[in-house]
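Below is one structure, written out as structure tokens; the observations come after it.
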Amino acid sequence: MMRAARVLVVEDEKAIRLALKGLLGREGYEVELAATGERAIEEVRSETYDLVLTDLALGGGVSGLDVLKAAKEAFQETAVVMITAHGSEKVAVEAMKAGAEDYVPKPFDNDELRVLIRRALDRQRLERENRFLRERLQREYGFANLVGSGAAMKKVFETIQKVAPTDLSVMIRGESGTGKELVAQAIHDTSTRKNKPFVAVNCAAIHRELVESELFGHEKGAFTGADNRRLGRFEAADGGTIFLDEIGDMAPETQAKVLRVLEEKKLERVGSTRSLDVDVRVISATHRDLEAQVAQGGFREDLFYRLKVVALELPPLRERTEDVPALSGRFLKQLAERLGRPEKPLAPAALSRLAEHPWPGNVRELRNVLEQAAVLCSGTEIEESDLQLGASPILRLVTTGSPVIDAPGLSFVDAKRQTVERFERAFLLNALREHDGNISRTAQSIGMVRQSLQQKIRELNLRSEDWSHRADQATPSGEGDKSD
């Protein structure tokens, strides 16, 4: 179940205060009381409330308008409803201009008040969901829905249909650019939670020092720069689905807190000792070998198995080339609609070339190649010569004549790690050279988040002289040697 909405009732008349607590408590709300404006301000500054119901005229030097201002300063998303005496409607209108959600005059009808508060909370929840929807739409994502006709993608569709109606945790695995977020969205959209928020978090794109604040929220003053209270992504996804992308990049200390949310359905904001109930479905994704990370102590085994109740493997594009024509048509149509230009089809030779390409960047790379070709080609049809397809680092590793693995007797895990590291090094050096070492352009071209690319450069100990045009051709070794 979703957590109950928290309501603060501010009323200096004891009988009305207690009556409101009983009325709202029977509606299922978690109700706190404040008899004075001073006490109410202390409450909103120390605790988070979904709604504050306050009398406009309070005894003492603090008015309902002061409570309204303090509530909005502490947490902008708090809904505030004013209770007004007869003849003070004009002041209530001013309060609404200052941020109040609505007002109700005394003597109020209980049914009217219940409807008003429910409506205010619904509007607040809708605004929150819309904000996260806008954030998601602002992220440039590949395609509107899943495309696939081969056996591998049919298996993906069948798994989505089976797992979506449940609340089981799903781990989506696949290379970067295969559409893991799209699959997570499809699971959410066909689940019983589809009318609740879908909140996506890229764990690799958040600075390590800020990831807990991003996931669990923080209280005002919890750390330098925390000028206001903030809801975390788990709390914002309450009742819906949270998608944790690149879960393998999550720090061990954060893994422990995520495990607690999964096991106890509770969290604590950074800087707070108060536990909050949350009800979220967790879908995670990774392109890493998490089993190897578990074996090496880099990822918690208990969290791994809690996340991997259902595993879903996404095939790379090079293993589903039968879908290249349909995906290409989808991308070109979307681009034409977005730019307001006529759609440019692919010439047969261009389509054949696309089907032959190994696509190390998968579907994301296909989209980027097609968008570039459609915008830059001068004819009415995209020719093979319009396609900017670089040589694949995978092919270079195979054709250099150098053995992929140098030392005999390695375990499978060590051999795989060595091979992956060599590939990553060769691929990134090639991409950085092509863009003169510009991190932002390189990240965009290979479908990575800028922060993730910077982190990977540090992990591989790549140096600027390694990708300088003055450097010799890079070898796919892990020792930083720049000679063949």
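The values are calculated or read from the model by the stated rules, or taken from the named source; none is laboratory data. Being a predicted model, the structure only gives us computed values, none of them experimental. Please note: Cβ atoms are built from the backbone with ideal geometry, for glycine as well, and neighbour counts cover all protein chains shown.
Points worth noting:
- The range 318-335, residues that are of a type in the set (S, T, N, Q) and either within 15 Å of Ala355 (Cα to Cα) or modelled with pLDDT of 90 or more (or both): Thr321, Ser328
- Matching residues in the range 309-329 - criterion: being touching a strand residue (DSSP E or B) at 6+ places or on another chain (Cβ under 7 Å) and either over 22 Å from Thr159 (Cα atoms) or crowded, with 18+ Cβ neighbours inside 10 Å (or both): Leu312, Leu314, Ser328
- Meets criteria (at pLDDT below 75, outside any loop (DSSP other than H, G, I, E, B) and surrounded by fewer than 16 Cβ atoms within 10 Å (Cβ to Cβ)) for Arg128: no
- Of all residues in the range 107-126, those that are in contact (Cβ under 8 Å) with a residue 24 or more places away in the chain and within 17 Å of Arg3 (Cα to Cα) have Cβ atoms under 9 Å from Cβ atoms of residues that are in a helix (DSSP H, G or I) and among the hydrophobic types (A, V, I, L, M, F, W, C), 6 or more apart or on another chain, in Ile117/Leu24.
- Qualifying residue in the range 195-214 (condition: free of Cβ contacts under 8 Å to residues at least 40 places away in the same chain, of a type outside the set (A, V, I, L, M, F, W, C) and farther than 30 Å from Glu42 by Cα): yes
- Tally, over the range 353-379, of residues that are of a type in the set (Gly, Ala, Ser) and farther than 15 Å from Glu319 by Cα: 4
- Only one of Glu291, Glu301 that is exposed (fewer than 15 other Cβ atoms within 10 Å of the Cβ) and more than 23 Å from Ile187 (Cβ to Cβ): Glu301
- Inspection of the range 43-50 identifies no residue that is part of a loop (DSSP other than H, G, I, E, B), more than 32 Å from the chain's Cα centre (by Cα) and modelled with pLDDT of 90 or more.
- Whichever residue in the range 163-179 is among the hydrophobic types (A, V, I, L, M, F, W, C) and in a loop (DSSP other than H, G, I, E, B) and, among such residues, is surrounded by the most Cβ atoms within 10 Å (Cβ to Cβ): Ala164
- Among the residues listed as Ile206, Ile187, Ile242, the single one being over 14 Å from Arg281 (Cβ atoms) and in contact with a Leu (Cβ under 9 Å, 6 or more places away or on another chain): Ile206
- Taking (1) in a helix (DSSP H, G or I); (2) in contact with a Lys or Arg (Cβ under 7 Å, 6 or more places away or on another chain) in turn, Trp359 satisfies each apart from (1).
- In the range 49-69, the residues that are more than 18 Å from Lys14 (Cα to Cα) reach residues that are of a type in the set (S, T, N, Q) and in a loop (DSSP other than H, G, I, E, B) with C-beta atoms within less than 6 angstrom, at least six apart or across chains, in these pairs: Tyr49/Thr78.
- The range 1-31, residues that are crowded, with 17+ Cβ neighbours inside 10 Å and part of a strand (DSSP E or B): Arg6, Val7, Leu8, Val9, Val10, Val31
- Helices (runs of 4 or more DSSP H) enclosed by the range 378-484 - at least 2 residues per element that are at pLDDT 75 or above, surrounded by 13 or more Cβ atoms within 10 Å (Cβ to Cβ) and touching a Pro at 6+ places or on another chain (Cβ under 8 Å): 412-434
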